[in-house]
Amino acid sequence: MASLRTITRGAVGLGCMGFSQAYGPADDEQSIRAIRTALDHGVRLLDTAMSYGAGHNEQLIGKAIAGRPDAVIATKFGIVREPSGTRLDAHPDRVRDYCDASLRRLGVDAIDLYYLHRVDPSVPVAESVGAMADLVTAGKVRHLGLSEVSPAQLADAVAVHPIAAVQLEWSLAWREPEDDIIPAARAAGAGIVAYSPLGRGLLTGALPTGPFAPGDFRAGDPRFANSSLAANLQVVAALEAKAQGYGVTTGQLALAWLMAQGDDVVPIPGTRNPARILENAAAAQVTLTPADLAELNEIVPRSAWQGDRRSFAAHHTTRTPAPPTCPPP
């Protein structure tokens, strides 16, 4: 199986959810310009899902990539967003229909990386992945992925078909996956796609002033509230000072830290700002030595961050203490 960075054709992708939901109102024409700016400057992986805007996001990307065969498309199924609410559905009898609908909205013949967005608790993950494997055989999908799974769920999936990527939230500010699913993914030969690699904007050092806009996901996330936010901003201030010493932005340093965790890691920062897209892409040129990484772990230790995370039907949403660096005496 090809390496993850070969599949994604680069070390940094673009998370597209914010063009349709979670961060307040967006403008489609501006979003399309932002996506094309990413493609024009070497960002190839566009990450979306059928649930983002209930299909709107895939349609938007379909317009943006028309005539752009250089785009690498990752999309997901399994979260169904309806007027009555949001539910999980990964029944094998409906996987092909979900894929066909995504192909139509995207305007492509095949999806480069097709994820199970969340495991459906009413369906064994092996059955969902078996239906996904049929899509590979049919030429509708090139590679399979899983999002926010446990090590046991990953093992069940890999027993059915190779998994090219495991997607999860991972950043300097959210390191819980390092305890279980990241080692499991590597043992299974799967690459790691890190979403929210900038801590949902926290690690850029540029959060909006005042209350979050209507519809902004972060208004209900414990990491962005009260004493947790105050503590986290102090950690960010230390990261900002270090970034200045490197001559890079705070966000670039945070992305460089992730990419330095291994060649099997591809972060997918999301932004609507074309200038920020270029800034994020340039982070791939920032090289951190082992000494740099050790210093960053001292300056912004995992234990300094506060607040659990909010994420729909995800594997880990509460903080766990960092494992000891050496056995106790």
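The values are calculated or read from the model by the stated rules, or taken from the named source; none is laboratory data. Fair warning: this is a prediction, and the values are worked out from it, not measured in the lab. Counting neighbours? That spans all protein chains shown, and the Cβs are built from the backbone with ideal geometry, glycine included. Surface accessibility is based on the protein's heavy atoms, side chains included, excluding ligands, DNA and RNA. Shrake-Rupley method; radii C 1.70, N 1.55, O 1.52, S 1.80 Å.
In region 177-184, is there at least one residue being part of a loop (DSSP other than H, G, I, E, B) and in contact (Cβ under 8 Å) with a residue 12 or more places away in the chain? Among the residues of region 177-184, at least one is part of a loop (DSSP other than H, G, I, E, B) and in contact (Cβ under 8 Å) with a residue 12 or more places away in the chain, which makes the answer yes. Consider Val80 carefully, then state whether it is crowded, with 20+ Cβ neighbours inside 10 Å, on the phi < 0 side of the Ramachandran plot and without any contact (Cβ under 8 Å) to a residue 40 or more places away in the chain. Answer is no for this residue. Report yes if Val123 is at pLDDT 95 or above, assigned to a strand (DSSP E or B), open to solvent by less than 40 Å² (accessible area, probe 1.4 Å) and farther than 16 Å from Leu46 by Cα, otherwise no. Considered against the rule, which asks whether it is at pLDDT 95 or above, assigned to a strand (DSSP E or B), open to solvent by less than 40 Å² (accessible area, probe 1.4 Å) and farther than 16 Å from Leu46 by Cα, Val123 comes out as no.
Can you name the number of the only condition in (1) open to solvent by 20 Å² or more (accessible area, probe 1.4 Å); (2) of a type in the set (S, T, N, Q); (3) touching a residue at least 24 places away in the same chain (Cβ under 8 Å); (4) within 18 Å of His143 (Cα to Cα) that Thr75 fails? Unmet condition: (1). Of all residues in region 123-147, those that are more than 25 Å from Ala194 (Cβ to Cβ) have Cβ atoms under 8 Å from Cβ atoms of residues that are surrounded by fewer than 17 Cβ atoms within 10 Å (Cβ to Cβ) and aliphatic (A, V, I, L, M), 6 or more apart or on another chain, in Ala126/Ala159; Gly139/Ala110; Lys140/Ala110. When the helices (runs of 4 or more DSSP H) confined to region 202-299 are screened for residues that are under 26 Å from Leu39 (Cβ atoms) and of a type in the set (Asp, Glu), those reaching at least 1 such residues are found at 274-282. Scanning region 185-201 for residues that are within 19 Å of the chain's Cα centre (by Cα) and assigned to a helix (DSSP H, G or I) returns Ala185, Arg186, Gly199, Arg200, Gly201.
Select from region 86-105 the residues that are touching a Ser or Thr at 6+ places or on another chain (Cβ under 7 Å), open to solvent by less than 20 Å² (accessible area, probe 1.4 Å) and in a helix (DSSP H, G or I) and list them in ascending order.
Step one: list which residues in region 86-105 are touching a Ser or Thr at 6+ places or on another chain (Cβ under 7 Å), which gives 90, 92, 95, 102.
Right, trim to open to solvent by less than 20 Å² (accessible area, probe 1.4 Å) and you get 90, 95, 102.
Val95, Ser102, listed by residue number.
For region 264-306, the tally of residues that are open to solvent by 20 Å² or more (accessible area, probe 1.4 Å), over 16 Å from the mean Cα position of the chain (by Cα) and under 26 Å from Thr320 (Cα atoms) stands at 14.
Touching a His at 6+ places or on another chain (Cβ under 6 Å) and farther than 18 Å from Tyr115 by Cα: does that describe Ser84?
Numbers: touching a His at 6+ places or on another chain (Cβ under 6 Å): no; farther than 18 Å from Tyr115 by Cα: yes.
In short, no.
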